[in-house]
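Asker: Dropping a structure here in structure tokens format, bear with me for questions.
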Amino acid sequence: MATIRRAVFDTNVLISAYLWPGTPRTALDIVRSGRCTLVSALPALEEFVRVLGYSKFGLSPEEIAPLTDDLSALATLVRPRHTVRVITRDPTDNLFLDIALQGRCTVLVSGDRHLLSFAAIARCACLLRRSSCARFRRSENVQGGVIVKEHPDDGLGKRQSR
């Protein structure tokens, strides 16, 4: 069992957190409160900037810069080894497994269901965006962290009774 102390958020979760109110923003606010450490890496920050630059978001470089600065200040950066190559459906998601592994994260927060089957490689639980905030919020009630099981064969992500 592990507590949510270190988490990696994929790019879609971060973009949602910065641009709109809702569950991802609540999860980021919990990180801001100090109850959890956000872990990332330079390639993930570069992807964040690249995706924010898509025309569908309508953001100028001047509007993107403060978001990037904030994320850079908020996250603890690790150096991915680029050795995780298990996801073929969207190979860029391998980066987030690598970050979780190198950053010793207990949770990877994503809306991508295909990451669920690979979370055990990074020895962490994978929370879908809808469930992540409920688990983070409960952290106040369980000695500062949410208890989740680490491996899918143990019931990945299920709340443990005390």
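Asker: Just rank GLU62, GLU46, fewest to most, by other beta-carbon atoms within 10 angstrom.
Answerer: Working: GLU62 7, GLU46 11.
Ranking GLU62, GLU46 by Cβ neighbours within 10 Å, fewest first, gives GLU62, GLU46.
Asker: Can you tell me the length gained on complete extension of the stretch HIS82 to LEU42, counting 0.36 nm per residue apart and subtracting the Cα distance? Numbers along the way, then the final one.
Answerer: Working: separation 40, 0.36 × 40 = 14.40 nm, distance 1.22 nm.
This chain segment gains 13.2 nm when fully extended.
Asker: Could I ask something else about it? Taking H placed 1.01 Å from N in the peptide plane, check which residues at least 5 places from LEU77 or on another chain put their amide H under 5 Å from its amide H.
Answerer: SER40
Asker: Further question: For the range 1-103, taking Cα atoms only, what is the radius of gyration to one decimal and the Dmax to the nearest whole Å?
Answerer: 13.7, 43
Asker: Can I ask one more? Scale the Cα Rg of the range 1-54 by the rule-of-thumb value 2.2 N^0.38 Å and send over the ratio, two decimals. Mind showing how you got there, number by number?
Answerer: Working: Rg = 11.7 Å, N = 54, 2.2 N^0.38 = 10.0 Å.
Computed over Cα atoms of the range 1-54, the ratio equals 1.16.
Asker: Run the quick spin-label model on SER33 and SER60: label points 7 Å from Cα toward the beta carbon, then report their separation in nm to one decimal.
Answerer: 3.6
Taken together, the values in this text are just the output of simple stated rules run on the coordinates, not laboratory data. Since this is a predicted model, take the numbers as computed values, not measurements. With ideal geometry, Cβ positions are generated from the backbone for all residues, glycine too; neighbour counts draw on all protein chains shown.
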